[in-house]
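What follows draws every value from the coordinates through simple rules; no lab data is involved. Owing to the predicted nature of the structure, the values given are computational and were not obtained by experimental measurement. Please note: Cβ atoms are built from the backbone with ideal geometry, for glycine as well, and neighbour counts cover all protein chains shown.
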Amino acid sequence: MLFSSISFLYYFLPIVLILYFAVPFKFKNFVLLIASLFFYFYGEPIYTLLMLATTVSSYIHGLLIDRFRDTKWSKVFLVSSVVTSLLVLGFFKYTDFFITNINVITRAEIPLLKIALPIGISFYTFQTLSYTIDVYRGEAQVQKSFVRLATYVALFPQLIAGPIVRYTTVEAELKERTHSFSNFAVGFNRFILGLGKKVLLANTLGELCEIFRASNEKSFVFYWVYALAFCLHVYFDFSGYSDMAIGLGRVFGFHFLENFNYPFISKSVAEFWRRWHMSLGTWFRDYVYIPLGGNRVSKLKWFRNTLVVWFLTGFWHGADWTFIVWGLYFALFLLLEKFFLGKLLAKIPRVLSHIYVLFVIAISFVIFNANGMGQAISDIGGMLGLQQIPFFNSETLYYLRSYGVVLVLGIVGATPLVKRAVEKFRTIKAGDWILTVGEPVVQIALIVVITAYLVDGSFNPFLYFRF
Amino acid sequence: MKNHVKNIVVTSIIGMFFLVMFLMCVLHKPIDISTSERRQLAQFPTLTWAEIVDGKNIDEFEDYTLDQFPLRDTFRSIKAWVQFNIFHQKDNNDIYVVDGTVSKLEYPLDESMVDYAMNHWKAIYDKHLANTDAKVYYSVVPDKNYFIAEENGYPAMDYEAMIAQLNSGIDYMTYINIMDCLEIGDYYTTDSHWSQDKILDVADRLASAMGVRDKLSFEFTQKQLSPFYGVYHGQSALALKPDTITYLTNHVIEEATVFNFETQKNTPVYHLEKFSGNDPYDVFLSGAAAYLVIENPNAVEERELIVFRDSFGSSLTPLLIEGYSKITLLDTRYIMSQMLGSVVDFSTVDDVLFIYSTAIINNSTALR
């Protein structure tokens with residue numbers, strides 16, 4: 001089920017809210033669990049069992065790790081948990097990728113399994129992994145209530161497209177949390193904002209990307225318009241989803257960590273990744289990079305650690321070479337920045353640092369969105385003026401004019417300008433009053449416009465569902 | 001304290017909004033047809049376990065929630081307004097407005113579709129017409145974009161290239177150019193079609209080329225039907241002024257009979273009851289039909305015409321009735337062209353006219 005669907009907004013959500021707030025606290029997790037299972041079942045009827053099986057596995061492994069703590073068996077059960085989770089993820093997500101490559105290398109003709117990717121499997125697998133690892137490390141207490149653990153894994157606000165909520169983040173709130181008008185109001189405000197980012201900006205920019213892809217009249221400028229549109233599309237799509245998840249979590253009393261922090265204002269690629277999909281970055285840092293030794297090792301091992309982490313980051317995003325190249329592409333720039341580029345970026349004017357980051361990111365997302373490396377190379381060639389195409393043409397002009405306002409709104413919205421302006425306006429007494437009174441009015445107006453777009457539109461996929 | 005009050009107010013308003021919307025969705029009485037979009041609306045699915053598990057019921061329910069959303073047309077209008085006036089997008093679902101005239105982007109030219117159309121016509125010609133004495137003509141009706149797209153900054157297909165491709169690929173028919181007879185004012189503002197009272201020069205050009213101009217009086221009485229909300233009115237979801245259908249009639253047209261081979265019924269040339277139907281343009285020859293025969297008892301000589309056509313032919317053909325004793329209209333979107341030989345006698349035909357709009361030629365897979 002999509003957050004940005006009529007079925008979610010005006011059927012599922014009102015019913016869940018009524019039930020959730022009608023029952024006593026001790027039943028609230030149960031209501032959330034049932035609602036979350038239905039939410040997942042609605043989109044993935046069969047794979048609901050897979051998610052439950054993964055949860056059962058984590059639950060049992062957690063108990064066993066705790067039961068045999070301080071013995072070698074604790075580690076055995078940890079390894080068993082990690083291997084089980086990764087095998088499930090590997091089987092459903094990567095089998096056909098490996099078969100394809102084996103076929104290419106050996107000229108074998110092993111038939112593809114053509115397994116449909118269970119929605120959100122990458123997210124909930126990483127969450128269950130974080131649980132058992134944290135229990136093993138003693139950073140989280142074992143959860144003896146299956147309902148609570150299952151509620152954590154299946155919690156519908158963050159189930160299918162993140163952010164990757166660590167067990168330790170919500171451990172206490174699974175047991176006890178507060179519900180208040182403040183949580184509800186702030187949560188819904190965030191939810192509607194995220195919904196607006198998704199429906200009004202991301203979807204519209206996604207249309208432009210599709211138009212570009214279908215066009216036979218591309219130009220040099222159109223390639224760059226596409227790169228800009230896709231960067232903004234993926235940002236508003238994913239950060240919008242994170243906003244919705246964080247907002248809904250807050251409505252139900254959970255405080256999820258932030259997942260984005262205006263990544264496009266970064267002055268280096270390293271900073272970009274501290275601001276982009278933060279829950280994934282910190283997950284790889286804490287569960288892969290640091291266990292490998294992080295940067296407190298020899299340069300060669302640190303080099304290896306960086307490559308491993310970014311190979312895995314790319315591979316996590318999808319079973320395709322484009323994603324692996326995308327991840328290693330970032331590894332290259334991170335290494336360059338560490339060796340010498342970082343010092344250079346610190347010396348040059350800020351505007352040049354921003355241009356450098358935006359250029360690197362634009363190229364990266366063109367690779368990310370390409371249907372194979374051939375298309376990625378072709379697209380980058382178009383952006384670098386290596387194709388026999390006009391610099392500019394009437395079609396480019398039309399779509400620039402048609403999507404110009406949305407692109408400008410997207411650019412401005414991807415910076416903290418609006419947030420700072422609102423904060424500054426709030427320091428004025430009249431401004432604070434206007435914002436206080438105007439907030440619910442704007443929220444209702446926004447949800448009406450979003451509903452209008454949903455009712456009329458058909459272009460509505462979430463990009464991160466495929467991960 | 002102020003924030004606490006605000007949070008209570010926000011919670012109350014948001015909670016009430018979602019509750020009201022939920023109740024409206026649940027209590028909304030399903031509608032069968034959208035008159036504005038001229039299509040059937042999805043209904044609540046019949047649930048079965050097998051179709052729930054394979055996702056079919058869920059997809060159907062999603063369609064249902066969209067199609068049966070309360071005040072759906074109002075919400076579509078809000079979207080269109082925001083898209084044009086806030087985001088300043090040039091089109092909404094490919095629909096755009098220039099000086100009050102609505103059109104739909106038809107872009108770019110698809111040469112393979114033009115080839116498909118040519119192959120389709122060639123197959124008809126070879127199978128049914130090559131061995132007859134019929135004189136065969138073809139003509140192309142430009143869609144509205146031809147007149148308004150490019151000069152207003154909208155992408156437009158290369159119409160000259162389409163005509164050049166047709167002319168170079170068709171040597172067995174005579175091309176009758178009618179494009180210079182038309183201008184944007186000859187079309188309805190809210191519909192894709194031309195207005196019959198504005199195409200007398202088109203009829204004149206065609207009749208002259210086919211050698212029946214001297215049979216046509218061009219003396220008509222104008223009659224009007226209003227309000228006419230064309231196909232783009234509903235699609236645009238904008239508040240637009242309706243058009244008026246003006247149809248031209250005389251005693252020859254009124255005494256002509258139309259036989260529909262699908263329904264096996266006789267109908268008038270202008271089927272006025274259709275004006276209150278889903279598509280008021282259906283007043284012309286009762287709308288979409290695979291195979292019609294118009295008999296003209298007042299014809300001055302026995303002369304037969306076959307028109308291969310799309311919906312533009314419906315309003316054009318009545319203007320040619322005086323020139324023929326019998327006109328057969330064939331729309332191969334609704335009848336397989338291979339079957340024509342068994343139902344149509346091509347041996348007695350004098351003139352054959354293939355007349356299609358650029359929009360159909362550019363999306364010609366509908367031709368069968």
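The longest part of chain A holding none of the exposed loop GluC sites (Glu not before Pro), meaning those outside H, G, I, E and B in DSSP with at most 16 other Cβ atoms within 10 Å, is A:259-467. A simple spin-label model places the labels of residue A:441 and residue A:292 5.4 nm from each other, with each point 7 Å out along Cα-to-Cβ. Once the C-beta distance of residue A:145 and residue B:52 is scaled by a Förster radius of 35 Å, the resulting FRET efficiency is 0.70 to the nearest 0.05. Here the relative contact order of region A:251-302, from alpha carbon pairs under 8 Å that lie six or more residues apart, stands at 25 percent.
Pull up the DSSP beta bridges for the protein assembly as shown and report the antiparallel fraction as a percent, rounded to 5.
60
Sparsely packed loop sites in region A:1-108 (the chymotrypsin sites (Phe, Trp or Tyr not before Pro) outside DSSP H, G, I, E and B with at most 15 other Cβ atoms within 10 Å) comprise A:68. Between residue B:123 and residue A:217, the C-beta separation translates, for a Förster distance of 25 Å, into a calculated FRET efficiency of about 0.20.
Sorted fewest first by neighbouring Cβ atoms within 10 angstrom, B:24, B:179, B:336 come out as B:336, B:24, B:179. My understanding is that a pair violates if its Cα-Cα distance is over 29 Å; which of A:26/A:419; A:75/A:175; A:419/B:6; A:26/A:93; B:198/B:274 do that in this structure? As for pairs spanning more than 29 Å Cα to Cα, those are A:26/A:419; A:26/A:93. Please check which bits of region A:234-260 a label hung off residue B:9 would reach, taking the label as a point 7 Å along Cα-to-C-beta and the cut-off as backbone N under 20 Å. Within reach of a label on residue B:9, which here means backbone N under 20 Å from a point 7 Å along Cα→Cβ, region A:234-260 contributes nothing.
So how much slack lies between residue B:39 and residue B:215, counting 0.36 nm per residue of separation and subtracting their Cα-Cα distance, in nm?
The span from residue B:39 to residue B:215 would gain 59.2 nm if fully extended.
Fewest neighbouring Cβ atoms within 10 Å first, the residues A:433, B:81 line up as A:433, B:81. Within the same chain, lysines fewer than 8 places from residue B:90 are excluded, and of the rest, those with a Cα less than 25 Å from its Cα are A:197, A:198, A:218, B:79, B:104, B:144, B:241. Taking the Cα centroid of region A:151-224 and of region B:282-340, what is the distance between the two, rounded to the nearest whole Å? Here the two parts' Cα centres lie 56 Å apart. Only Lys, Arg, Asp and Glu carry charge here, each on its Cβ (+1 for the first two, -1 for the last two); on that basis region A:6-177 has a dipole of about 300 debye about its Cα centre. Let me check I've understood the local charge: for residue B:182, count other residues with C-beta under 14 angstrom from its C-beta, Lys and Arg +1, Asp and Glu -1. What total comes out? Cβ neighbours under 14 Å give a net charge of -4. Alpha-carbon geometry of region A:20-69: the Rg and the Dmax are 14.1, 40 Å, given in that order. Spin-label model, residue A:172/residue A:68: points 7 Å from Cα along the beta carbon direction are separated by 3.3 nm. Partner shielding of A:375-383 amounts to 0, given as the average count of beta-carbon atoms from other chains within 10 Å of each residue beta-carbon. Each label was represented as a point 7 Å from its Cα along the Cα-to-Cβ direction; for residue B:184 and residue B:222 these points are 2.2 nm apart. Shown here: region B:101-366, whose C-alpha atoms stretch 48, 41, 34 Å along the first, second and third principal axes, sorted largest to smallest.
Compute the Cα gyration tensor for region A:183-456, then decide on rounded, prolate or oblate, letting a ≥ b ≥ c be the square roots of its eigenvalues: rounded whenever a/c is under 1.5, prolate when a/b is larger than b/c in the other cases, and oblate in all that remain. In terms of gyration-tensor shape, oblate. Each part gets one Cα centre, and for region B:209-269 versus region B:69-120 those centres are 26 Å apart.
Loop-located trypsin sites (Lys or Arg not before Pro) across region A:1-110 with a Cβ neighbour count of 11 or fewer within 10 Å are A:107, with loop assigned by DSSP. When the trypsin sites (Lys or Arg not before Pro) in region A:131-197 are filtered for DSSP coil states and for at most 12 other beta-carbon atoms within 10 Å of their beta-carbon, the remaining sites are A:144.
Applying 1/(1 + (r/R0)^6) with R0 = 51 Å to the Cβ-Cβ distance of residue A:354 and residue B:29 gives a FRET efficiency near 0.35.
Across every pair of non-identical alpha carbons in region A:101-184, the mean reciprocal distance, once inverted, gives a Kirkwood radius of 15.4 Å. Each DSSP beta bridge with both residues in chain B is either parallel or antiparallel, and the antiparallel ones are about 60%. Is the shape of region B:235-368 rounded, prolate or oblate, going by the alpha carbon gyration tensor and its root eigenvalues a ≥ b ≥ c, with a/c under 1.5 for rounded and a/b larger than b/c for prolate? Judged from the Cα gyration tensor, region B:235-368 comes out oblate (a/c at least 1.5, b/c at or above a/b). Peptide A:388-396 shows a mean partner chain C-beta count of 1 within 10 Å per residue C-beta.
Helix content alone sets the calculated 222 nm mean residue ellipticity of chain A: runs of n ≥ 4 DSSP H residues at -39500 (n - 2.57) each, divided across all residues, give -23000 deg cm²/dmol. Between the C-alpha center of region B:1-56 and that of region A:77-127 there is a gap of 38 Å.
Counting 0.36 nm for each residue step from residue A:339 to residue A:180 and taking away their Cα separation leaves a gain of 52.3 nm.
Note on region A:309-467: percent of Cα-Cα distances in each 5 Å bin, starting at 0 and stopping at the bin with the largest distance, equals 2, 7, 8, 12, 15, 15, 14, 12, 8, 5, 2, 0. Which residues in region B:1-31 place their backbone N less than 16 Å from a point set 7 Å from the Cα of residue A:15 along the Cα-to-Cβ direction? Within reach of a label on residue A:15, which here means backbone N under 16 Å from a point 7 Å along Cα→Cβ, region B:1-31 contributes B:19-28.
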